[in-house]
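To start, the structure itself, in structure tokens.
Computed from the coordinates by the stated procedures, all read-outs in this text should not be read as laboratory data. Owing to the predicted nature of the structure, the values given are computational and were not obtained by experimental measurement. All Cβ positions, glycine included, derive from the backbone under ideal geometry; neighbour counts span all protein chains shown.
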Amino acid sequence: MQARRAQPFWWQSRTLRSYLTRGTVFTVLLLGSVLFLFPLIWMLSTSLKTNEQVYRVPTVWIPNPIAWENYPRALSRMPFLLFLRNSCITSFIPVIGAVLSSSMVAYSFARVQWPGRNFWFIVLIATMMLPGQVTMIPVYVLYSKLKWINTFLPLTVPWFFGGAFYVFLLRQFFLGIPQELSDAAFIDGCSHPGIWWRIIIPLAKPALATVAVFTFLFTWNDFLGPLLYLREERLYTLQVGLQYFRLQNQVNWQELMAASLVVLMPTLVIFFLGQRYFVQGITLTGLKG
Amino acid sequence: MPDLRTNAIRRSARFWRDAITGYGMAAPWFLGFLVFTAGPIVLSFFYSFTAYQITTPPRWIGLANYRILFFDDPKFRISLYNTAYYAGLVVPLTVINGLFLATLMNQNIPGRALFRTIYYLPSVISGVANAMLWLWVLNPRYGLINTMLSWFGIKGPPWLSSAEWAKPSLVVMSLWGVGGTMIIYLAGLQGIPQHLHEAAEIDGANAWQRYWRITVPMLSPTIFFNIITSIIGSFQVFTQAYVWVESGVGMGAGPRDSLLFYVLYLFRRAFGELQMGYASAMAWILFVIILVLTLIQFRVARYWVHYESAPEGGI
């Protein structure tokens, strides 16, 4: 029971105060969201302007006429389909590698009893804290000794070795799957790899989707990797290609924005389709404290 | 006692079978750990005491790399200063603004889901396209920001073309991605049990007191997490600076090296000049800096981070 208070004046009423607070919060968020959206709108708007409109003052917001031709023109300035193919190779293969290897390793850490398991799990977590620059140089030397420079191997093969963050994330998810399910399968004579493949993977689809989404976004947007290992134009990904586009052409903002927007498109699509998987990644890794 | 013995054998058989399956299924990670992490750590530590250009074998030069870095390399100092400057601005701004936005968004207001999407979206945008977008947004004459500032009669700064404004430019761009931090806070806020707030309300605590006495302490592990990740991330800033420097500003490393960040300098030493030993020494210094900053945070955390049902004495 709430203690009875003296009757408040109307301006002290809870309803009014609550409306005022919510109204203020709403207004602040609304103004802020305009700020947050503006760069993207600006990008889209610029990509559809003629050269003259780009530099006109006051600023043109809605291009008239709409210069659709910026897109084909921008893309024809680079071997777009080739770069697209390279980007797909260096994104989709890692997705397959990360999902398969991380889930298998995570199963081992979550569901199989083996001596030293806890120790190695701590080591696995510790590797997440290590800045990549420390290992970057020896790994580069290794690839150059293996003659892997100017192949896609350095950007795909490592993904088949279970990334620490993904193993951690999936292990958390697997721990939440009822043990009874695997026990029942055990009694029916199913082995650990069998349980992983036939029971855990189908049940863990949302978590695996999170891993796939994270891996895709990372590899699609990765710049340092392709910059280091793909030194020939025929191997460039779209990220490197965009940089190259910029270097090859005079400042031509409308086409640069068109090309950038095309490169961003998969990220935007995945974001809108898979937003819940991002949020799930956060809840799973226990970041909520 | 035949029964017990067969049981023991069965148990031991299961133990061995599980051990073999367990190591077998974790084998990819073990192999990857050896080849891509443990081996390279040892090698890079070794390289840091050598002169090494890949084509010829590493030559032992003792502490020479470190000596040059600390005493004879002004660029190293500049890159360290630039990075610390950037981190010093971006870490508090991200941590505080992220919390501010998450707090607002945690209120019961119409369009919450839409707002969340709008603020979160920019944080997933990264890579070269993002750097190109901001090159244009920050254009001093025709860019979005200075156009908007001119509506209020403010003459915007020259951003990337001046040494003073180059680093703040990067800070502004990074803050556009504050939604990533915000979403982590939101997850944390939703984990705070409602009954704590209700109990405090009955005790007569107003919204402001409840926020500082319940929400913030309950959220402190999340705040701590965001501080740590944001420090680590800001010390490794690379792609945006690289793209801006190589293709936009076009003056070495920004006007008067103002965009020469640590990892950018390391990258140039390693892959521009092929000084792998020198760059390895830089990588180790970076590692130590990040480690020390993280340890300091953990130390300080004892005084302000609150853990529900934490074991005695800490984290």
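Summing charges over all other residues whose Cβ lies under 14 Å from the Cβ of residue B:140, with Lys and Arg as +1 and Asp and Glu as -1, gives +1.
Neighbour counting of Cβ atoms within 10 Å sorts the residues B:278, B:242, fewest neighbours leading, into B:242, B:278.
Which lysines does residue B:75 reach when only Cα atoms under 25 Å apart count, and residues fewer than 8 places away in its own chain are ignored? Partners found: B:167.
Our analysis of segment A:136-235 gives Rg over Rh at 1.13, with the two radii drawn from alpha carbon positions and Rh computed by the Kirkwood formula. Build a GNM of chain A with springs between Cα atoms under 10 Å apart, and of A:182, A:87, A:191 the one that fluctuates most is A:191. Each Cα pair of segment B:1-132 feeds into the Kirkwood radius, which the Stokes-Einstein equation turns, at 10 °C and 1.306 mPa s, into a diffusion coefficient of 71 µm²/s.
Just the Cα atoms of chain B, one point each, no solvent: what log10 I(q)/I(0) does Debye give at q = 0.08 Å⁻¹? Once normalised to I(0) and log-transformed, intensities are -0.56.
Within the shell of other residues whose beta carbon sits under 14 angstrom from the beta carbon of residue B:48, the net charge comes to +3, with Lys and Arg scored +1 and Asp and Glu -1. Screening chain A for whole DSSP H helices with an alpha carbon extent of at least 20 angstrom along the helix axis and a mean Kyte-Doolittle hydropathy of at least 0.0 yields A:14-47, A:80-111, A:205-221, A:253-284.
Grouping the Cα pair distances of segment A:10-72 into 5 Å bins from zero gives a pair-distance distribution of 3, 16, 16, 13, 9, 9, 8, 7, 7, 6, 4, 2, 0 percent in increasing distance order. Taken about its Cα centre, chain A carries a charge dipole of roughly 760 debye when the Cβ of each Lys and Arg holds +1 and the Cβ of each Asp and Glu holds -1.
Ranking A:78, A:239, A:121 by Cα position along the charge dipole of segment A:78-248, where only Lys, Arg, Asp and Glu carry charges on their C-beta atoms, puts A:78 farthest toward the positive end. Helical content alone sets the calculated 222 nm signal of the protein assembly as shown at -22000 deg cm²/dmol, taking -39,500 (n - 2.57) per DSSP H segment of four or more residues and averaging over every residue.
Exposure proxy shown here: for A:236, A:143, B:185, the number of other Cβ atoms within 10 Å sets the order, fewest to most, as A:143, A:236, B:185. What you get for the protein assembly as shown, charging only the Cβ of Lys and Arg (+1) and of Asp and Glu (-1), is a dipole of about 300 debye around the Cα centre. Of all the options B:282, B:105, B:173, the one that moves most in a Gaussian network model of chain B with Cα springs shorter than 10 angstrom is B:105. In terms of its Cα atoms, segment A:155-289 spans 69, 30, 25 Å along the principal axes, sorted from long to short.
Of the options B:105, B:224, A:16, report the single residue whose Cα projects farthest towards the positive end of the charge dipole of the protein assembly as shown (beta-carbon charges: Lys, Arg +1; Asp, Glu -1). The listed residue farthest towards the positive side: A:16.
Only Cα pairs within less than 10 Å get springs; with that Gaussian network setup on chain B, which residue of B:193, B:217, B:110 has the largest fluctuation? The residue that fluctuates most here is B:110.
Sorting A:216, B:15 from the fewest to the most surrounding beta carbons within 10 angstrom yields B:15, A:216. Charge tally around residue A:54: other residues with Cβ under 13 Å, Lys/Arg +1 each, Asp/Glu -1 each, net +1. Within the same chain, lysines fewer than 8 places from residue A:205 are excluded, and of the rest, those with a Cα less than 27 Å from its Cα are A:288. Distant-in-sequence amide contacts of residue B:50, defined by a placed amide H-H separation under 5 Å and a gap of 5 or more residues or a different chain, comprise B:61. Put simply, segment B:73-215 fits an ellipsoid with semi-axes of 36, 19, 15 Å; these come from the alpha carbon gyration tensor as the roots of five times its eigenvalues, largest first.
Shape analysis of chain A based on the Cα gyration tensor places the equivalent ellipsoid semi-axes at 40, 38, 16 Å, largest first. Of the chymotrypsin sites (Phe, Trp or Tyr not before Pro) found in segment A:22-81, those that fall in a DSSP loop while having at most 15 other beta-carbon atoms within 10 Å are A:55, A:61, A:68.
Each principal axis of the protein assembly as shown carries a Cα extent, and these read 96, 86, 51 Å when sorted largest first.
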